[in-house]
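Below is one structure; the comments refer to it alone.
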Amino acid sequence: MHTTEKHIPKFTGTRYRLDKPELLAPAGNLEKLKFAIHYGADAVYIGGQKYGLRSNADNFSFEEMREGVEFAKKYGAKVFVATNIYAHNEDIAGIEDYLRNLHEVGISAIIAADPIIVDTARRVVPELEVHLSTQQSTLNWQAVQFWKEEGLPRVVLGRETSLEEIAEIKNHVDIEIEAFIHGAMCSSYSGRCVLSNHFTDRDSNRGGCCQSCRWKYDLFEDGRPEEVWVSEEEARDSRILQQFNLGVNQHPLFSEEDNSFTMSSKDLCMIAHIPDLIDVGVDSFKIEGRMKSIHYVATVVNVYRQAIDAYMSDPDNYVLRPEWIEEMNKAANRPLNTGFFYDTPDHEDHIYEPEEKAAPYDFAGLVLEYDEESKMATIQQRNHFKPGQEVEFFGPGGSVFKQTVGRIWDENGNELTAARHPLQRVKLKVEQPVRYFDMMRKKK
């Protein structure tokens, strides 16, 4: 992880409301919400079926929101809804009813960027908290002060904010500060990119981003001297014309053996810097990834939960545990760095060649029941597994152990050669005690 050592001023005031940092997790659907909370999230943020920036996520109906809120309350957790589009004129109709419905189902706060949504929420449902979205790219204490004076209790800072700047903000303004501490980083200012609009006619700022920065690109030069042009007949069968439908005057600046170019950024990971985040006064630690898998959400939340609790219980003797880094790497999708927190990212913080998919594990099964006397567990299959395969079990709190899958039976006692069917309930012997909602994973 790329960092630059620098003295970071500590926040010395009294926290506005939160005495312990909130761990805020993404939930792309109701099942992910339950896993995030079960594995330690204090709050989750979700998208409804309107006004959010992840239109390709499953998103929540009002009935699903209600069920999610009821589940969250059992664990003392909260549910926030992203309403962070930049609204066009045609988007405004229906906002009032939508916000009333969010309040009615028990949502604790909305995350908004557009002033019309902020103002409408404060006027129509003043009991519903409004958190300023990172899409506003708020980076300085004067801007934070402005939003506080507008009545907002929390600002989600732009990902471009450094720890030094956060400390200055907290020492000037008594307001909750939320910051992204893990997940994908936008190659542009968050929410301000229009590559997707031009390439696919999908509006990034209205929920349609196709992540154009993650694509593979080839390079061409137009108008090469005539003697190096290829004729249409010569080029007709080339991969260039077939794949890109290019004219014969566009000359490739690559060979068949070259890797395609990408402009992708590395992912953010601050697990090694929990004390710094707490000391500067960050109130809410936000994990990115409403489109990510259940395994990703559970693993990442589980690790940050352990680290935050360990530091808060005994700051003077806090130690970063190697197993936390190891666990985090099992869920990593890309190489990791520390974003803008310590220094401005440079060429080492970007991915210019086709990236290796880092995450080496798949979610293979969910523990439903366990009998300590017989050591038999009932597992709901989430990915194909079979006898002789090495798997890992893990659950909330950091318990992790490996074992080899032995014999497998279905619910009727019939022995199986593999657990092949999605959501199939199977039984197998598990060598150490496991609990409901523990997960079993396997190497890809």
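Compute the distance from the alpha-carbon center of segment 71-99 to that of segment 378-440, in whole Å.
Answer, in whole Å: 38.
Give the accessible surface of segment 137-207 per residue, rounded to a whole number of Å², with probe radius 1.4 Å and ligands, DNA and RNA excluded. Provide the component values of the computation, followed by the final result.
Values: 2860 Å² over 71 residues.
That works out to 40 Å² for each residue.
Cα extents of segment 34-176 along the three principal axes, largest first, in whole Å?
41, 40, 29
Taking a ≥ b ≥ c as the square roots of the Cα gyration tensor eigenvalues, with a/c under 1.5 meaning rounded and otherwise prolate when a/b beats b/c, else oblate, which class fits segment 109-154?
In terms of gyration-tensor shape, prolate.
Residues with amide H under 5 Å of Tyr361's amide H, sequence separation 5 or more or different chain, H placed in the peptide plane at 1.01 Å from N; which?
Distant-sequence amide H within range of Tyr361: Lys444.
Using a 1.4 Å probe on the protein chains only, how many percent of the accessible area of segment 329-444 belongs to carbon and sulfur? Please list the in-between numbers first.
On the way: 2800 of 6150 Å².
Result for segment 329-444: 45 percent of the exposed heavy-atom area is carbon or sulfur.
Which aspartates and glutamates have a Cα less than 14 Å from the Cα of Lys286, not counting those fewer than 8 places away in the same chain?
Partners found: Glu22, Asp42, Glu176, Glu178, Asp267.
Tell me, what HN-Hα J-couplings in whole Hz come from the Karplus equation 6.51 cos²θ - 1.76 cosθ + 1.60 at θ = phi - 60° for each residue of segment 116-127, using x for Gly and Pro?
Residue by residue, segment 116-127 yields 5, 6, 4, 5, 5, 4, 5, 7, 8, 10, x, 6 Hz.
Using the Karplus equation 6.51 cos²θ - 1.76 cosθ + 1.60 (θ = phi - 60°), what ³J(HN,Hα) coupling, rounded to whole Hz, does each residue of segment 76-87 give in order, writing x for Gly and Pro?
x, 9, 10, 10, 10, 10, 7, 10, 9, 6, 8, 7
The values are calculated or read from the model by the stated rules, or taken from the named source; none is laboratory data. Just so it is clear, the structure is predicted and the values come from calculations on it, not from any experiment. Keep in mind that these areas ignore ligands, DNA and RNA; they rest on the heavy atoms of the full protein, side chains included. Shrake-Rupley method; radii C 1.70, N 1.55, O 1.52, S 1.80 Å.
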